[in-house]
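Visitor: Please see the structure below; I have some questions.
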Amino acid sequence: MTPIQITKSTPGNHENNRFGAVKSGGLILFLIGMVIFLSTLFRGDFKITQQSLQQSGNKVSTARLQNLQPLVGKFYTSKKRALAEIRNTLREAEPQIDAYNLGVAQFWVLKNAAAGVFKDQTVLYFFLSIILAIVGGLLYIIPQFYEGLPGIKHNNIWFSSAMARGAIGITIGTLFIAFYILLYWFPQYIVNMVLLVDPVSYFIRNMPADQWFLYGFLYTLTIIVMGLRMLAKYRHSRYHIIRTFSIIFFQLIFAFLLPSLLERLSMPSMDLKNAWPLNYYFFTDWNINSLWGGGSFGQFLFIWGIILSFAGVPLLTYFYGKRWYCSWVCGCGGLAETLGDPFRHLSDKSLRAWKVERITIYSVLVFALVMTFMQVVNYTSNGDIFGNYTWRVNQAYSFFIGAAFAGVVGTGFYPFMGNRVWCRFGCPLAAILGIVQRFKSRFRITTNGGQCISCGNCSTYCEMGIDVRAYAQRGENIVRASCVGCGVCAAVCPRGVLRLENGPAGNRFNLIKSDAIN
Amino acid sequence: MEHLVIIGNGITGITTARHVRKISDKRITIISAESDHFYSRPALMYIFMGHMRYPDTKPYEDWFWEKNKIELLRGLVTEIDSDNKTLSLADGSKIMYDQLVIATGSKSNKFGWPGQDLPGVQGLYSLQDLELLEKNSVGAKRAVIVGGGLIGIELVEMLLSRKIPVTMLVREKSYWDNILPQRESKLITRHILEHGIDLRCETNLKEIIADPDGRVCAVKTENGEEISCEIVGLTPGVAPNIEVVKNSQIAAGRGILVNDFFETNIPDVYAAGDCAEIVTPEGERNKIEQLWYTGRMHGKALAKTICGERTIYERGIWFNSAKFLDIEYQTYGFVSNVPRKGESSFYWEHAEGRMCLHLVYNAQNHALVGVNIFGIRMRHTVFEKWLTEKRTLEYVLEHLCEANFDPEFFAEFESEFVAQYNTQFPGQKLRLQGKRGLFNKIFA
Ligand SMILES: Cc1cc2nc3c(=O)[nH]c(=O)nc-3n(C[C@H](O)[C@H](O)[C@H](O)COP(=O)(O)OP(=O)(O)OC[C@H]3O[C@@H](n4cnc5c(N)ncnc54)[C@H](O)[C@@H]3O)c2cc1C
Ligand code: SF4
Ligand code: SF4
């Protein structure tokens, strides 16, 4: 017999599509903004001058800039050509220059050589691209939640091309991945995008933007915009409202503005909430040196980082579960809870996925622990014991885990595997928090007696791929290492079966013995 | 090895099989016509609304059955020959059993309306109904749902998710007031209207009219009005599905007649879940329990009986829950739609009219009889305990904080309840115990 296949076939009758026009208008604005933003990749003129080379002085060595003298006076209408000539010129003078230093030189020389519309009209294009996309995006995503009364807004998600791995979803995922690859490994190709946020960077930090500023800026904006969407979507749920405000606050203030201001003041700078080992360079010699050597404030930051990572994180997790970090404070979690919300149901709920998850996340944890051990030994022994190997392990970690896993896969795979790929399969901090949560914590999700109808909404919308229903339908409480306490399972449950709560740490697993369940 | 055959892979049949497997290594076969695997019937609406796909509604992964040695067979049982302990299937095959469990569930009621079998007219019970609705809603400009109740309102919500306007014909004075007390019924009625649903109370269907192609094009009500529509949903409740025992020796009334052990009149043949009619002595009305959790409890008790530990079905404190569009509903104990003799009520309603609390208690000793709650979640175990212990209205009001199950940070109304009580009973001075407050919230 045929398997049951329900696919939406109604075109629908859009009589009560109240905000249809606003929505389409918003989408058009968003797309125009995006197209202009992406067009910076392919357009733009560059003119290398004596002055433009000098501007790169604090990023690229003087000798190297000297080597580029033959290019002074050249004008390019093609970025590809410009990059090729910079590369060839440098290679000729310095045959052994490595890819990293070459990239840095290319990036700054090219960025400072920018001419043409993006240079002359930076602010205008900033508004025409990023700001236009934001305004359009908000118009597109917010009003729809006001079409009906406050409540769960999950209609038609599995029929949506963007949210159910259709063509649009694949496109979005591909764009994310491409952006991350350019950002991490080929920033010299996105100089014009970086250029667009120069005015913002000067305004906040009084220095030119680099790709990391662009990234931080877009990241923060995304969390704000998609956070507003969460506030609209969950306007009936104070838990989500407060949680979303918390996410926006920590991203905007702690991750973005505060470090930027510290940079402006030329002080040692750090994201105060970024705990080790998510912050995998905390114990590198250069970080310790820069903090410890950065005066009393730097030392404060260093001590703060230690206290946060080794006392604050476990203690708060004991009291509230890992949610206080993962879905209230963390930047990766913050992006997942805002930008990632439309994709949360794409996480794999199978037992097999759970097995894979345990292998990968604890492997990364071991990797991070080994690396940290080497970093610390290296620092205390002045590099005598592991020497160059520490650096290589660092490099490997930051390439495979920091960039490829957390960035490219972690965010790029939202539309394919849900919004917590990194948090679930990779994050070493989540692994540690999870161990605390599973074995010594006051947090649990309580199941409400025998009310569960096994519908599956909770499991479907669990971004961590936890089969919540498997516990709920047995009347068991949910105590799982991976649960980030987003609270969505409890929100979507149509029978009020689940409640996230803190309580006495003993006997968290099942508080009742009733015949009505099981 | 003994062979246990179960007809029906709904919650009842599956729970029976799972629990039999826990305590015995009998061979177990489940035969079902509707689907290959067990899925959650209450989740049907969410498939249509795009919240979940069909596989998401399956409570167990497909490997579960083989691993637990539960054999699944897709097929329709047409005949039970209890003399030879043999089942006949629609495809002509035969299956022998040593023990038989009939858990065939319910089927949608139809009341003989003219036109009730026209294309475009349907009920909502099975996956096949869902597929049919998918076809029927192509290009539909209006749907008419006949009959209130829980399935009716779900069908309405489903159609609204596709932006198909809905007219709802309800026999009662206000929505579901044959079950809900007046004020609760009004509350939900308001909510239905606020969703832009064309709710017509005290309106009966007279006939369903076909267009020249033979498809439904309108309904006519008893007061002569004609409403044009492309879909008619018939949801006037369900009745036990007893088709399979019609030509057998197994006794049936409205449902398959069983005792408190789910034993039918034939040895080794049991029936449970929606399809069973539990015979009660002393002229009480026989019990047909058509709920998810009752099916689960039936199955659990029956499993023991089947495995030799004859176990009486203990109903426990009655409870249920539902969701009316955006308003969640829970009930514990017994709340009658019209106040019963010797009972009094405490009723609180939120100013916005989407939440209420209705406590029914014994007028004499104030012992709690039942509670209806809309828009606020309560703890099952706490109310189960209070009802068993026959706690008084006053005790319950003072301790309601213990029962609150709303998510953290949600607005709390317990002090409002108590204040209202104190105004209604001027002699009394109840004091709320265990107020949660900010401190408790953070350090509780
Ligand atoms: C739309 C809808 C929403 C609901 N929502 C809720 C809710 O929120 N809460 C709640 O408590 N209850 C709800 N219910 C009721 C609940 O689903 C039923 O009480 C429950 O499913 C009954 O389980 P069962 O195992 O007894 O029967 P069923 O689930 O009906 O399973 C019986 C199975 O047996 C099969 N079958 C029947 N005859 C034969 C045969 N001759 N041969 C082979 N197979 C056969 C049927 O095809 C069916 O698959 C809802 C019901 C519906 C229709
Ligand atoms: S179990 Fe619930 S709270 Fe935990 S991560 Fe999953 S959806 Fe979020
Ligand atoms: S806990 Fe709630 S959402 Fe999850 S399966 Fe049970 S009823 Fe459905």
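The values are calculated or read from the model by the stated rules, or taken from the named source; none is laboratory data. No experiment lies behind these values; they were computed from the predicted model shown. Here the Cβ positions follow ideal geometry from the backbone for every residue, glycine too, while neighbour counts run over all protein chains shown. Only protein heavy atoms, including side chains, enter the accessible area calculation; ligands, DNA and RNA are left aside. Shrake-Rupley method; radii C 1.70, N 1.55, O 1.52, S 1.80 Å.
Visitor: State whether the residues of the range A:409-424 include one that is within 16 Å of ligand 1 (Cβ to nearest atom) and touching a residue at least 60 places away in the same chain (Cβ under 8 Å).
Guide: no
Visitor: Working only within the range A:490-514, note down all residues that are more than 11 Å from chain B (Cβ to nearest Cβ) and open to solvent by less than 10 Å² (accessible area, probe 1.4 Å).
Guide: Result: A:Arg508, single match.
Visitor: Considering (1) at the interface with chain B (Cβ under 8 Å from one of its Cβ atoms); (2) open to solvent by 10 Å² or more (accessible area, probe 1.4 Å), say which one A:Arg442 fails and leave the rest.
Guide: All conditions are met except number (1).
Visitor: Among the residues of the range B:86-98, write down those that are touching a residue at least 12 places away in the same chain (Cβ under 8 Å) and either over 17 Å from B:Asp268 (Cα atoms) or in contact with a helix residue (DSSP H, G or I) (Cβ under 6 Å, 6 or more places away or on another chain) (or both).
Guide: B:Leu89, B:Ala90, B:Asp91, B:Ser93
Visitor: Restricting attention to the range A:299-316, and to residues there that are among the small types (Gly, Ala, Ser) and surrounded by 20 or more Cβ atoms within 10 Å (Cβ to Cβ), which single residue is farthest from ligand 1 (Cβ to nearest atom)?
Guide: A:Gly305
Visitor: May I ask you to list the residues in the range A:269-298 that are over 22 Å from A:Cys427 (Cα atoms) and open to solvent by 20 Å² or more (accessible area, probe 1.4 Å)?
Guide: The answer is A:Ser269, A:Asp285, A:Trp286, A:Asn289, A:Ser290, A:Trp292, A:Gly293, A:Gly294, A:Gly295, A:Ser296, A:Phe297.
Visitor: How do the helices (runs of 4 or more DSSP H) wholly within the range A:331-401 filter down when requiring 3 or more residues that are open to solvent by less than 10 Å² (accessible area, probe 1.4 Å) and on the phi > 0 side of the Ramachandran plot: which remain?
Guide: none
Listed here are the residues, each with its yes/no results for (1) within 23 Å of B:Leu187 (Cβ to Cβ); (2) outside any strand (DSSP E or B); (3) within 12 Å of another protein chain (Cβ to nearest Cβ); (4) modelled with pLDDT under 95.
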| position | (1), (2), (3), (4) |
| --- | --- |
| B:Leu368 | yes, no, no, no |
| B:Asn372 | yes, no, no, no |
| B:Ile376 | yes, yes, yes, no |
| B:Thr381 | no, yes, yes, yes |
| B:Trp386 | no, yes, no, no |
| B:Leu397 | yes, yes, no, no |
| B:Val418 | yes, yes, no, no |
| B:Asn422 | no, yes, no, no |
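Visitor: Of the conditions (1) away from ligand 1 (no atom under 16 Å from the Cβ); (2) open to solvent by 10 Å² or more (accessible area, probe 1.4 Å); (3) within 14 Å of chain B (Cβ to nearest Cβ), A:Ile453 clears all except one; give me its number.
Guide: Among (1) away from ligand 1 (no atom under 16 Å from the Cβ); (2) open to solvent by 10 Å² or more (accessible area, probe 1.4 Å); (3) within 14 Å of chain B (Cβ to nearest Cβ), the lone unmet condition for A:Ile453 is (1).
Visitor: Determine whether the range B:361-378 contains at least one residue that is farther than 30 Å from A:Asn155 by Cα, charged (D, E, K, R) and in the same structural domain as B:Ser415 (by TED's automatic domain parsing).
Guide: Checked the range B:361-378: no residue is farther than 30 Å from A:Asn155 by Cα, charged (D, E, K, R) and in the same structural domain as B:Ser415 (by TED's automatic domain parsing).
Visitor: Further question: Answer with yes or no whether A:Phe319 is open to solvent by 50 Å² or more (accessible area, probe 1.4 Å), farther than 29 Å from A:Phe425 by Cβ and out of contact with any strand residue (DSSP E or B) (no Cβ under 6 Å at 6 or more places or on another chain).
Guide: For A:Phe319, the condition - open to solvent by 50 Å² or more (accessible area, probe 1.4 Å), farther than 29 Å from A:Phe425 by Cβ and out of contact with any strand residue (DSSP E or B) (no Cβ under 6 Å at 6 or more places or on another chain) - is not met.
Visitor: Now for a different question. Sort out which residues of the range A:138-178 are of a type in the set (Ser, Thr, Tyr), within 14 Å of another protein chain (Cβ to nearest Cβ) and over 18 Å from A:Ile241 (Cβ atoms), and write them in order of number.
Guide: A:Ser160, A:Ser161
Visitor: Under 6 Å between Cβ atoms, which residue pairs at least 6 apart in sequence (or on different chains) link something in the range B:34-46 that is within 7 Å of another protein chain (Cβ to nearest Cβ) with a partner that is in a helix (DSSP H, G or I)?
Guide: Filtered contacts from the range B:34-46: B:Ser35/B:Leu127; B:Ser40/B:Thr57; B:Pro42/B:Trp292; B:Ala43/B:Thr57.
Visitor: So how many residues does the range B:13-22 have that are open to solvent by 10 Å² or more (accessible area, probe 1.4 Å) and either more than 13 Å from every other protein chain (Cβ to nearest Cβ) or within 9 Å of ligand 1 (Cβ to nearest atom) (or both)?
Guide: Of the residues in that region, 1 qualify.
Visitor: What single numbered condition from (1) touching a residue at least 60 places away in the same chain (Cβ under 8 Å); (2) away from ligand 3 (no atom under 16 Å from the Cβ); (3) under 22 Å from B:Pro119 (Cα atoms); (4) crowded, with 22+ Cβ neighbours inside 10 Å fails to hold for B:Ile188?
Guide: Of everything listed in (1) touching a residue at least 60 places away in the same chain (Cβ under 8 Å); (2) away from ligand 3 (no atom under 16 Å from the Cβ); (3) under 22 Å from B:Pro119 (Cα atoms); (4) crowded, with 22+ Cβ neighbours inside 10 Å, B:Ile188 misses just condition (3).
Visitor: Residues of the range A:199-250 being in a helix (DSSP H, G or I) and hydroxyl-bearing (Ser, Thr, Tyr), which ones?
Guide: A:Ser201, A:Tyr202, A:Tyr215, A:Tyr219, A:Thr220, A:Thr222, A:Tyr239, A:Thr244, A:Ser246
Visitor: Please determine whether any residue of the range A:462-483 is modelled with pLDDT under 95 and either touching a Cys at 6+ places or on another chain (Cβ under 6 Å) or among the hydroxyl-bearing types (Ser, Thr, Tyr) (or both).
Guide: Scanning the range A:462-483 turns up no residue that is modelled with pLDDT under 95 and either touching a Cys at 6+ places or on another chain (Cβ under 6 Å) or among the hydroxyl-bearing types (Ser, Thr, Tyr) (or both).
Visitor: Kindly indicate the residue of the range A:467-477 that is of a type outside the set (Gly, Ala, Ser) and surrounded by 24 or more Cβ atoms within 10 Å (Cβ to Cβ) and also farthest from the other protein chains (Cβ to nearest Cβ) among those meeting that condition.
Guide: It comes out as A:Val468.
Visitor: Run down B:Ser82, B:Ser93, B:Ser40 and say which single residue is of a type in the set (Ser, Thr, Tyr), surrounded by fewer than 15 Cβ atoms within 10 Å (Cβ to Cβ), outside the structural domain of B:Val146 (by TED's automatic domain parsing) and more than 30 Å from B:Ile208 (Cα to Cα).
Guide: After ruling out the rest, the residue left standing is B:Ser93.
Visitor: Suppose the filter is out of contact with any helix residue (DSSP H, G or I) (no Cβ under 6 Å at 6 or more places or on another chain) and assigned to a helix (DSSP H, G or I); does A:Ile253 pass it?
Guide: Criteria met by A:Ile253.
Visitor: Can you work out which of the residues in the range B:273-287 that are more than 10 Å from ligand 1 (Cβ to nearest atom) and touching an Asp or Glu at 6+ places or on another chain (Cβ under 9 Å) is farthest from B:Gly105 (Cα to Cα)?
Guide: B:Thr280
Visitor: Just give me the residues in the range A:456-466 being more than 7 Å from every other protein chain (Cβ to nearest Cβ) and more than 7 Å from ligand 3 (Cβ to nearest atom), in sequence order.
Guide: Matches in the range A:456-466: A:Tyr461, A:Cys462, A:Glu463, A:Met464, A:Gly465, A:Ile466.
Visitor: Pairs under 7 Å by beta carbon, first residue within 19 Å of A:Ala178 (Cβ to Cβ) in the range A:392-405, partner open to solvent by 30 Å² or more (accessible area, probe 1.4 Å), six or more apart or different chains?
Guide: If the second residue must be open to solvent by 30 Å² or more (accessible area, probe 1.4 Å), the pairs left are A:Gly402/A:Tyr280; A:Ala403/A:Tyr184.
Visitor: Quick one: is B:Glu352 in the same structural domain as B:Arg391 (by TED's automatic domain parsing), more than 16 Å from ligand 2 (Cβ to nearest atom) and either surrounded by fewer than 17 Cβ atoms within 10 Å (Cβ to Cβ) or outside any strand (DSSP E or B) (or both)?
Guide: It is true that B:Glu352 is in the same structural domain as B:Arg391 (by TED's automatic domain parsing), more than 16 Å from ligand 2 (Cβ to nearest atom) and either surrounded by fewer than 17 Cβ atoms within 10 Å (Cβ to Cβ) or outside any strand (DSSP E or B) (or both).
Visitor: Among the residues of the range B:288-317, what is the count of those that are assigned to a loop (DSSP other than H, G, I, E, B), within 22 Å of B:Ile14 (Cα to Cα) and either in contact with a Gly (Cβ under 8 Å, 6 or more places away or on another chain) or within 16 Å of ligand 1 (Cβ to nearest atom) (or both)?
Guide: Residues that pass the stated criteria total 7.
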